[in-house]
Amino acid sequence: MVPRPSLQLIVLATTCMVNLLPVSAQATEIEEQLKAGYQNKVLTLRHFYEGPKLQFDSNGQIIGAATTGPWTVDAQINIKEIHLHDRTLQLKGQRMFLFFDPTANRMKDAIGITSNDPMSKEFPQFGGEKWQEFEKTADVEVELALVSAPKDEKEVVTAMSTVFLTPDDDLAEFVPESWKYFVPRLEGKFPTFRARDGVYKVGRDVSPPRAVYVPDPGYSETARLSRFQGTTVLWLVVTPDGSVKDVRIARPRGLGLDEKAVEAVNLWKFEPARKDGSPVAVQINVEVTFRLQ
């Protein structure tokens with residue numbers, strides 16, 4: 001005869017297994033719902049963290065040291081895989097490396113470009129072995145800790161909203177100040193760039209400023225790896241003392257080059273514009289060109 005204590009252990013073990021089955025089935029159902037809603041869709045990070053793997057705690061705070069990068073490189077992720085493991089949500093995908101297509105007047109993803117797109121000619125390595133290596137740099141994994149095993153999809157979506165923008169969020173509110181003129185235009189909004197009072201435009205009795213110190217911009221790593229070149233157009237104000245302020249991106253290039261242009265132009269120095277012989281502030285356009293040797 002089998003001793004009763006052993007029989008109790010068997011019954012308890014069987015009971016535990018029976019109780020676990022619905023939980024597993026529920027997690028699978030939630031995972032499938034998440035895949036239907038987010039797989040092959042683009043999500044935008046609230047903070048544009050760099051790196052191939054990002055880990056967030058249950059409050060949506062980044063775990064470990066992390067730096068932010070340009071939104072055209074580090075903001076958006078095309079989700080390819082979704083896995084729900086008990087109290088951890090795992091997302092795998094590719095970052096969108098955005099560049100500006102002036103013909104289409106919109107931002108495009110370099111990773112998704114095809115040979116039929118005329119803009120593919122802007123990437124000398126496109127289609128080759130080096131290009132494949134470049135594409136791999138877009139791979140990214142995001143892990144988000146959950147407070148507890150979720151009971152439904154809504155709980156997971158709420159947790160995701162601490163890391164990613166929601167449909168109610170406006171991207172223009174999250175990009176740097178220099179982008180706040182251009183980004184709304186991508187959404188069909190057309191803000192005007194109005195200079196402050198006392199800022200003139202060159203012409204008539206206002207002479208143009210003359211650049212006297214023009215350090216070259218740096219090169220973003222993403223643009224360098226893809227051999228991407230071109231010109232960024234900026235609006236800015238030259239003050240009466242010849243310094244630069246209020247830099248705005250009027251026509252971007254993308255892949256992180258625009259941020260490098262803004263950084264460099266903020267260091268430029270000018271012989272100021274003059275009106276009736278006195279130095280005055282003026283609003284001007286400047287072009288910053290990027291070329292690789």
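Potential lengthening of the chain between GLU135 and ASN40 amounts to 32.5 nm, from the contour at 0.36 nm per residue minus the alpha-carbon distance. What the Cα atoms of region 38-167 give is an Rg and a Dmax of 16.2, 50 Å. Evaluated at q = 0.14, 0.16, 0.17, 0.21 Å⁻¹, the base-10 log of the normalised Debye intensity for region 180-293, with identical point scatterers placed on the Cα atoms, takes the values -0.62, -0.77, -0.85, -1.11. Rounded to the nearest whole angstrom, the semi-axes of the ellipsoid equivalent to the chain, taken from the Cα gyration tensor as √(5λ), stand at 52, 21, 16, largest first. Applying 1/(1 + (r/R0)^6) with R0 = 35 Å to the Cβ-Cβ distance of SER278 and GLU177 gives a FRET efficiency near 0.75. Over the chain, what is the relative contact order in whole percent, taking alpha-carbon pairs under 8 Å and six or more residues apart? After rounding, I find 17 percent. Taking every alpha-carbon pair under 8 Å whose residues sit at least 6 apart, region 62-120 reaches a relative contact order of 23 percent. For region 178-269, the relative contact order is 35 percent, taking Cα pairs closer than 8 Å that sit 6 or more residues apart in sequence and dividing their mean separation by the residue count. Converting phi to 3J(HN,Hα) with the Karplus coefficients 6.51, -1.76 and 1.60 and the offset θ = phi - 60°, region 61-72 yields 8, 5, 9, x, 6, 8, 10, 9, x, x, 5, 6 Hz in sequence order, with x at every glycine or proline. Listed by chain and number, the lysines whose C-alpha is less than 17 Å from the C-alpha of LYS201, apart from same-chain residues fewer than 8 away, are LYS245, LYS275.
The alpha carbon centroids of region 25-73 and region 81-142 are separated by 16 Å. In a fully extended conformation the segment linking HIS47 and VAL202 would gain 52.0 nm over its present Cα-Cα distance, using 0.36 nm per residue.
Tell me what the chain gives for mean residue ellipticity at 222 nm when only DSSP H runs of n ≥ 4 count, each as -39,500 (n - 2.57), the sum divided by the residue total, rounded to 500 deg cm²/dmol. Per the formula, -7500 deg cm²/dmol. The 3J(HN,Hα) values that the Karplus relation (6.51, -1.76, 1.60; θ = phi - 60°) gives for region 91-99 are, in residue order, 10, 10, x, 10, 5, 8, 8, 8, 9 Hz. Gly and Pro appear as x.
Computed from the Cβ-Cβ distance with R0 of 22 Å, the FRET efficiency linking THR289 to TYR213 stands at 0.80. Each Lys and Arg adds +1 at its Cβ and each Asp and Glu adds -1 at its Cβ; summed about the Cα centre, region 141-189 shows a dipole of about 180 debye.
Skipping prolines and chain starts, which residues have an amide H placed within reach, meaning under 5 Å, of the one on ARG274, given they are 5 or more residues away or on another chain? Amide H neighbours of ARG274, under 5 Å, 5+ apart: SER207, VAL280.
Just so you know, all these numbers are worked out from the coordinates, no wet-lab data involved. Remember, it's a predicted structure, so these values are computed and weren't measured experimentally. Positions of Cβ are generated from backbone atoms using ideal geometry, with glycine treated the same way; all protein chains shown enter the neighbour counts.
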